[in-house]
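The values are calculated or read from the model by the stated rules, or taken from the named source; none is laboratory data. Note that the structure is predicted; figures quoted are calculated from it, not measured. Here the Cβ positions follow ideal geometry from the backbone for every residue, glycine too, while neighbour counts run over all protein chains shown.
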Amino acid sequence: MFGVNNMIHFIQNIGEYFASNYFDEDFSKKVIEKSGYSSEAIREFNQQVNRLKPDYFKLKQTFVENHLRTKDKINLSHRFHTRVLNVWGYDAEQTNYDGLKCKK
């Protein structure tokens, strides 16, 4: 499932490739209808994504304030990205590699 409501807010008509009325108020409604998901399912998805925000900012702060080894940065990033992919509906627990390889 994709965060349709979140996506719509970030669409910009750069270069005006579409007529100005293309992204009118009705656009959001049409996209949601075509997605095949109910408003409740979209709302639930957005809530799950929003729950990741504090952890993202904590991870970002850890990267900025601490002098982590490359290996630790990779492991922390991987764990967070796995959570993001799981929220998006992917089976991120199944990977095609046995371990991380880095020099430090």
Got a sec? Which of LYS73, LYS103 is of a type outside the set (Asp, Glu) and at pLDDT 90 or above? LYS73
The correct count of residues that are closer than 30 Å to ASN86 by Cα, at pLDDT below 70 and in a loop (DSSP other than H, G, I, E, B) in the stretch 1-49 is 6
Would you check which residues across the stretch 56-76 are closer than 23 Å to PHE45 by Cβ and not hydrophobic (A, V, I, L, M, F, W, C) and list them? TYR56, LYS58, LYS60
